[in-house]
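The values are calculated or read from the model by the stated rules, or taken from the named source; none is laboratory data. This is a predicted model, so every value here is computed, not measured. Every residue, glycine as well, gets a Cβ built from its backbone with ideal geometry; the counts of neighbours run over all protein chains shown.
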Amino acid sequence: MNAVKNTPVRRSPLAHRTAMSAPDDVLHLSERAFDAKIVLRGLPEALGPAVAKVTGLELPSATRSTASETHRLLWQSPDEFLLLGPMDSESALMSALAVELEGQHVQTVNVTDYHTTLVLSGPRARETLMTLSTLDLHPRGFTPDQVAGTTFGHASGWLVQTVDDGAEGGPSFDILVRWSHADYLFCELTHGARAFGMPEAKPVSGELMEI
Amino acid sequence: MFVIDCPNCGSRDQSEFTYAGEAHIARPTESENMTDAEWAEFVFMRTNTKGLFAERWWHATGCRKFFNMLRNTATDEIHAVYRIGEKPPKVTANLPLTPAGESSIGSGNDAVKIMTRDEENAS
Amino acid sequence: MSQPNRLPGRGLVNRDRPVSFTFDGREIAGYEGDTIASALLANGEIMVGRSFKYHRPRGIVGAGSDDPAAMVQIGSDPASTDPNVMVTTREIHAGLEARPQNCWPSLKYDVGVLNDVFMRFFPAGFYYKTFMGSDRFRWLNWMTFEPFIRRAAGLGKSPTKPDPDTYESVNRHCDVLVIGAGPAGLTAAANAARSGARVILVEESERLGGSLNATDPEGTTIGGKAPADWIAAQTAKLAEHPEVTVLTRTTAFGYYAMNFVGLIERVSDHLPEHRRDRRQPRQRVWRVRAKQVVLATGAIERPLVFHENDRPGIMLAGAARSFLHRYGVLAGKRVLVFANNDSAWQTAFDIRAAGGEVAGIVDMRRELNEALALRALKAGIAVYPRTAIVGTHGRHRIDSAFVSSLDDSGNVRGSRSRIECDLIAVSGGWNPNVALFAQSRGKLKWDAEMASFRPGLSWQQERSAGACNGTFELQEVLAEGSKAGLEAARAADFTVRAVKQPEVETSVVQSLNLVPVWQVPSGQPREKTKAFVDLQDDVKASDLQLATEEGYDSVEHAKRYTTQGMGTDQGKISNVNAFGIMAEARGITVPEVGTTTFRQPWRPVTIGALGGQHVGAHFMPRRGTPMHAWHREQKAIFEPVGDWLRARAYPKPGESFHDAVQREAKAARTTAGILDATTLGKIDIRGKDARTFLNRVYTNAWSKLAPGRCRYGLMLGEDGMVSDDGVTACIADDHFHMTTTTGGAASVLQKLEDYLQTEWPELDVWLTTVTEQWAVAAVCGPKAEEIVAAVVDGIDLDPEEFPFMTWQDGTAGGIPVRVFRVSFTGETSYEINIPATYGRWLWEELVAAGKPHGLTPYGTEAMHLLRAEKGFIIVGQETDGTVTPGDLRMDWAVAKKKGDFIGKRSLSRSDTIRDDRKQLVGLLTNDGDHVPMEGAQIIGTPEEPAPPVPMLGHVTSAYFSPNLGRSIAMAMVKRGGQRMGETVWIARRGDKPVPAKIVHYDFLGDAVGEGA
């Protein structure tokens, strides 16, 4: 019996925003809030078999990601990977990994609530990202399943291309951004996409600083 | 803005990195036996090289790994990027001509803005 | 107006679209495609403004971004007005309002012209000599004069209100960046594009073609095509390649390290208000990282420096051709050409062919090009060889020139004669536009034939083609452009084959045969010769000569002393002439004089454009916690802590900030308080060597901390100074949860990774930040247990069972929570961590549960006050990077017996063990109502002695404590630990020092009793 009578309410960092689109489907921006997210620290030899067993995924090589219908694995450094899974699966994933990794020199950390995921898709997605990122985001410079930890304006985050440029509706990118930068980045992306007719989301502001 | 070739992530803009000071300064393991002067040398003293300089950088927004870099501080040429624990590779650099001088090109110094006769003859 | 100087059937402006705008309050008619300059000239106007220092009339000299001084103020709205806009580059549009600058009350009658009358009192270095160095004015100083001088001198007026326009900066990578879309640039881009490389072609004006647009369309064919058709064909070819981006109205303003080039695109400046797309920025900065760069930036004509050469109506010869062919405008009714080279003769031929009157060609050379002389003769143009212009006449525009012939040594011979003219088309030669090349840190080479600098040794991945490389013959220009485009593509790892270049046929003069002249003789003494070098900054040849005589040998010093080459034009047309004059004055060669540094930007860039979209609410991320919206709803007052905005206090309606803080701090000790502590840094530490690691990074011992327990730790730099603090919990033998200060979260993680990766790679430890994984609500006070019990399940919260400095896992509404029994207030306290997405829910449940108990939300100000009552330090408030644990009298937190830790050795340095260091103490003012100012100095005497005043230390924190009913302060005081009970005085500006007693800083302990 819980002390609290009310059912817990889960709010994403961008619960106050709605998905936004530019005319003619050239760009879509939305939040995918509750993916399970787990940081895996350790050498690939240790992590590889366990991750394969739990998710069926191979460890990605440097700056790449691997994905299945349900999971995605992002390379972050030679000894760090970020596992994404379905909503509410973080506890199960942590437990399953703990069993497989028992006794090994590794670290698994639940960071489900640390990041949220912005999904930016459409034919203008690359140009929109170019307003904030110094990466080479031309299709020749940034390819499907490529991963980069980088800065977007004054925020930092992880970028991965999840859908090919040739797909219907154009390419799609996931940007994993920490909670407190999410609103800034969401608004910067709509701001950068004004030229494509994107409506503009204004950053939350106007806090009182004195009486 | 430089482009830095991160040993793990590849070519990235300098804005992703944090400078982390001079490289190859090992932390003394038996500092209790050191004199104040010896310890101060480790804590406070750094060379301020004009020319080829080994320095550390941290890929703050990427792989979060520290690495070493050989940079010519007079011209901002990056000659090599190598991992922590490795020795600096031997490189040929366009070094300052005098202790107070500049490299003969690329440094923007007054003295080297115009080609010398010798350079003209050589080219 | 009827545009009397517009020629029918000539020029590239759109005759179907008449456009009118206002200049100096008058309506001026022009066509779409005109610049302000071409429209003014079409209407017979040439004077635009007045000069910087002497307020002399200034007219149109160039036809593009080379013009030195023809600038206007655009618009009058105090928010959007744009100063120092060049009339030669600004396109006209309906509604454009341009006003002359630097003149009052009007352009033609200007009070400041008095400066001109006193010109001989304003020699080089005038300000330095008069106001900084002179004995006569020692009783005054620069500060007294500066406002007056600044008012008299200067150019346009800055806007005074926030800019209503938007700007944007974007990033691009490309294989080949081609700068300049003249014949060389177009050819380079077309050839590079064939390789499939990503090409960006940048053109400063609205039209591709460069110098071909300023050439007689009848006089040249390229591959059998007229220039305009060839340009169109090249443009069409570029459009076929999907990887080619062509940017017009875009200037490459800066060439930086590693082929990083800044471009400024003027997106909507040329459009009337109603045609501007509000979704587009006014201007856009492109930050381009190019694998290879082709510079095709053309050449800049330089004038001749002669007596009275600054009157309106004296124009560069090439500019006159440009106005004729590009805009269909005769810049003068009767044109006199003055030159020392062949190229200017073309101006005479073209103006004559267009039906204009040519007063003659005055050429300083003795040997003339016979073919050209014959052509002039056939055209009926008078030629004056071995002759110079030695003076001019005309107030707001020249009406005549005075010429004299020259003797064999180049001096004026005989009398002067007068030639009537309203335009002097002048050419002293051509300077390859090497600005970007020099910015790239390439080395220049002196070319004696051109008497100018050209690109020498490249430093970055670039190549120059065409006139900017000193190549002027069109056939060669195309060949060079083609070669540069191919080489650039290949150097960027693309494969491409050369194709045959088109044949050029032209009757345009392409020879130069230059005889360098740096200053034309006037036949008059130096002090009477007004031969201007820099028309914007009013620098005369005599100023440069004087500077040389006074010892300013270095070209960089002479520049600063005379202001030569400063201002918005940076000496584009004047610098080489200035170097030549300095060389002559010193009796050395120009390359020996050297050049000043070519700095970014090549031409002025709006600050707004550099700021881009990162302004206003977009300036920086404002980080908020999951409970942020709740704080806003409560009308909390916020404070920035790093990028975070934290609730500082929650004043009730009508309540003052001070009263709110007092109420909150009182409630936290008497009933209960709740604080949003989410922003504390949190690091998950794991590995079999985690304890060893903690022992090395903290000052105290971690070997025996059992799972379930927490410990406070101090972190030092290697210099022994306190850098961070926080509580770390042992989750399991190999697993710890570290907290850091809010501001230190990122730097502590970097430091820990640094030591792990570089100093102690042998340790099996992993670190991962979890700062934002958890939302943290800290509930404290006598009623805290009851309130938390109403929300958290699975933990016996009784302080006996759940003691201080332990933690336990529980749930709230079935969601896992981790509760830490740690305290920053000294009260019984529960810090509840819940996954961040549930943070707001948990907070609201706690607030609801606390309502019957008087639970009061408190902000960071009350938090600071509460911790000060308990004597807890804040890193960065009590410490400033010079404070050791001993200085804080926290030796208890330093384990002497364990092994090495970061900063340990520094704690026994002779300086850190001095017994007269400042130490942390509490201060109780004798007057308990007086709250000292933070930062106030502490002295040892009741009266402030005469300076220098011996200082004992300073106040680090001071509050009025509601729980003690009096003021409290913390302070760093010399030998503070040995001064308990002593009285010191807190100095105040303009007031008597305040006496205070030194006590221990735990005010809830015995400090107050001790002090009372």
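Which one of these is assigned to a helix (DSSP H, G or I) and either assigned by TED's automatic domain parsing to the domain that holds C:Ala189 or surrounded by fewer than 20 Cβ atoms within 10 Å (Cβ to Cβ) (or both): C:Gln234, C:Gln280? Walk me through how you get there before you give the answer.
On the way: C:Gln280 fails: assigned to a helix (DSSP H, G or I).
The match here is C:Gln234.
Within 26 Å of C:Gly881 (Cα to Cα), in contact with a strand residue (DSSP E or B) (Cβ under 8 Å, 6 or more places away or on another chain) and crowded, with 22+ Cβ neighbours inside 10 Å, is that true of C:Leu680?
Details: within 26 Å of C:Gly881 (Cα to Cα): yes; in contact with a strand residue (DSSP E or B) (Cβ under 8 Å, 6 or more places away or on another chain): yes; crowded, with 22+ Cβ neighbours inside 10 Å: no.
Judged against the criteria, C:Leu680 is not a match.
Yes or no: the range B:3-15 includes at least one residue that is more than 14 Å from chain A (Cβ to nearest Cβ) and either within 30 Å of A:Leu135 (Cβ to Cβ) or not aliphatic (A, V, I, L, M) (or both). Reasoning before the result, please.
Going through the range B:3-15, the residues more than 14 Å from chain A (Cβ to nearest Cβ) turn out to be none.
Within the range B:3-15, not a single residue is more than 14 Å from chain A (Cβ to nearest Cβ) and either within 30 Å of A:Leu135 (Cβ to Cβ) or not aliphatic (A, V, I, L, M) (or both).
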If C:Val994 satisfies every condition in (1) under 20 Å from C:Val875 (Cα atoms); (2) modelled with pLDDT of 95 or more but one, which is the exception?
(1)
Residues to consider are C:Arg603, C:Arg599; find the one that is part of a loop (DSSP other than H, G, I, E, B), more than 7 Å from chain A (Cβ to nearest Cβ), in contact with a Ser or Thr (Cβ under 6 Å, 6 or more places away or on another chain) and in contact (Cβ under 8 Å) with a residue 60 or more places away in the chain.
C:Arg603
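Could you please let me know if C:Pro312 is in a loop (DSSP other than H, G, I, E, B) and either closer than 15 Å to C:Val605 by Cβ or modelled with pLDDT under 95 (or both)? Write out each step before concluding.
Details: in a loop (DSSP other than H, G, I, E, B): yes; either closer than 15 Å to C:Val605 by Cβ or modelled with pLDDT under 95 (or both): no.
In short, no.
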Test: residue in the range C:607-627 that is crowded, with 24+ Cβ neighbours inside 10 Å and among the β-branched types (Val, Ile, Thr):
yes
Please find, within the range C:938-958, the residue that is farthest from C:Gln978 (Cα to Cα) out of those that are crowded, with 20+ Cβ neighbours inside 10 Å and not aliphatic (A, V, I, L, M).
C:Ser957
In the range A:1-36, residue surrounded by the fewest Cβ atoms within 10 Å (Cβ to Cβ) [restricted to those that are within 17 Å of A:Arg72 (Cβ to Cβ) and facing chain C (nearest Cβ under 9 Å)]:
A:Phe34
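Got a sec? Which helices (runs of 4 or more DSSP H) wholly within the range C:93-211 have at least 1 residues that are at pLDDT 65 or above?
By residue number, C:114-117, C:183-193.
Taking the range B:74-90 as the search range and keeping residues that are touching a residue at least 40 places away in the same chain (Cβ under 8 Å) and under 13 Å from the mean Cα position of the chain (by Cα), which one is farthest from B:Gly51 (Cα to Cα)?
That would be B:Tyr82.
Please pick out the residue among A:Thr134, A:Thr108 that is modelled with pLDDT of 95 or more, within 11 Å of chain C (Cβ to nearest Cβ) and part of a strand (DSSP E or B). Explain how you work it out, then say what you get.
Values: A:Thr134 fails: part of a strand (DSSP E or B).
From the options A:Thr134, A:Thr108, the qualifying one is A:Thr108.
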Counting only residues in the range C:881-929 that are of a type in the set (Gly, Ala, Ser) and under 22 Å from C:Met980 (Cβ atoms), the one farthest from the other protein chains (Cβ to nearest Cβ) is identified as C:Gly922
Would the range C:495-509 turn up any residue that is surrounded by fewer than 19 Cβ atoms within 10 Å (Cβ to Cβ), within 14 Å of another protein chain (Cβ to nearest Cβ) and not hydrophobic (A, V, I, L, M, F, W, C)?
no
Answer from C:Glu218, C:Glu273 - the residue that is surrounded by fewer than 22 Cβ atoms within 10 Å (Cβ to Cβ), assigned by TED's automatic domain parsing to the domain that holds C:Val496, over 24 Å from C:Phe437 (Cβ atoms) and in contact with a Gly (Cβ under 9 Å, 6 or more places away or on another chain)
C:Glu273
Applying the selection to the range B:46-70, what residues are touching a Pro at 6+ places or on another chain (Cβ under 7 Å) and either among the charged types (D, E, K, R) or surrounded by fewer than 20 Cβ atoms within 10 Å (Cβ to Cβ) (or both)?
B:Lys50, B:Gly51, B:Ala54
Note on the range B:36-58: residues within 20 Å of C:Met721 (Cβ to Cβ) and either within 11 Å of another protein chain (Cβ to nearest Cβ) or of a type in the set (Asp, Glu) (or both) are B:Asp36, B:Ala37, B:Glu38, B:Trp39, B:Ala40, B:Glu41, B:Phe42, B:Val43, B:Phe44
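So which residues in the range C:625-672 are in a helix (DSSP H, G or I) and farther than 17 Å from C:Pro962 by Cα? Before the answer, list the steps.
Within the range C:625-672, the subset in a helix (DSSP H, G or I) is C:628-633, C:657-670.
Of everything in the range C:625-672, those that are in a helix (DSSP H, G or I) and farther than 17 Å from C:Pro962 by Cα turn out to be C:His628, C:Ala629, C:Trp630, C:His631, C:Arg632, C:Glu633.
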Looking at the range C:283-321 only, could you name the residues that are within 26 Å of the chain's Cα centre (by Cα) and surrounded by fewer than 22 Cβ atoms within 10 Å (Cβ to Cβ)?
C:Arg287, C:Arg289, C:Lys291
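Scanning for something aromatic (Phe, Trp, Tyr), without any contact (Cβ under 8 Å) to a residue 40 or more places away in the chain, outside any helix (DSSP H, G or I) and surrounded by fewer than 18 Cβ atoms within 10 Å (Cβ to Cβ), does the range C:804-818 turn up at least one residue?
Applying the first criterion (aromatic (Phe, Trp, Tyr)) to the range C:804-818 yields C:804, C:807.
Remaining after also requiring without any contact (Cβ under 8 Å) to a residue 40 or more places away in the chain: C:804.
Now restrict to residues that are outside any helix (DSSP H, G or I): C:804.
Pick out the ones that are also surrounded by fewer than 18 Cβ atoms within 10 Å (Cβ to Cβ) and you get C:804.
Within the range C:804-818, one or more residues are aromatic (Phe, Trp, Tyr), without any contact (Cβ under 8 Å) to a residue 40 or more places away in the chain, outside any helix (DSSP H, G or I) and surrounded by fewer than 18 Cβ atoms within 10 Å (Cβ to Cβ).
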Scanning the range C:670-700 for residues that are of a type in the set (S, T, N, Q) and more than 44 Å from the chain's Cα centre (by Cα), the one farthest from the other protein chains (Cβ to nearest Cβ) turns out to be C:Thr670
Test result for C:Lys682, in a loop (DSSP other than H, G, I, E, B) and either farther than 24 Å from A:Tyr184 by Cα or in contact (Cβ under 8 Å) with a residue 24 or more places away in the chain (or both)
no
If we scan the range C:827-837, do we find a residue that is within 13 Å of chain A (Cβ to nearest Cβ), without any contact (Cβ under 8 Å) to a residue 40 or more places away in the chain, hydrophobic (A, V, I, L, M, F, W, C) and not in a strand (DSSP E or B)?
no
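Conditions (1) out of contact with any strand residue (DSSP E or B) (no Cβ under 7 Å at 6 or more places or on another chain); (2) part of a strand (DSSP E or B); (3) within 14 Å of chain C (Cβ to nearest Cβ); (4) more than 27 Å from C:Tyr838 (Cα to Cα), marked per residue:
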{"site": "A:Pro139", "(1), (2), (3), (4)": "yes, no, yes, yes"}
{"site": "A:Phe142", "(1), (2), (3), (4)": "no, no, yes, yes"}
{"site": "A:Gln161", "(1), (2), (3), (4)": "no, yes, no, yes"}
{"site": "A:Gly166", "(1), (2), (3), (4)": "yes, no, no, yes"}
{"site": "A:Asp174", "(1), (2), (3), (4)": "no, yes, no, no"}
{"site": "A:His181", "(1), (2), (3), (4)": "no, no, yes, no"}
{"site": "A:Leu189", "(1), (2), (3), (4)": "no, no, yes, no"}
Within the range A:44-60, identify whether any single residue is closer than 29 Å to C:Gln757 by Cα and within 14 Å of chain B (Cβ to nearest Cβ), and answer yes or no.
yes
Of everything in the range C:732-750, what is surrounded by fewer than 18 Cβ atoms within 10 Å (Cβ to Cβ) and outside any loop (DSSP other than H, G, I, E, B)? Give them in sequence order.
C:Ala732, C:His735, C:Ala746, C:Ser747, C:Gln750
In this structure, does A:Glu69 turn out to be more than 11 Å from every other protein chain (Cβ to nearest Cβ) and part of a loop (DSSP other than H, G, I, E, B)?
yes
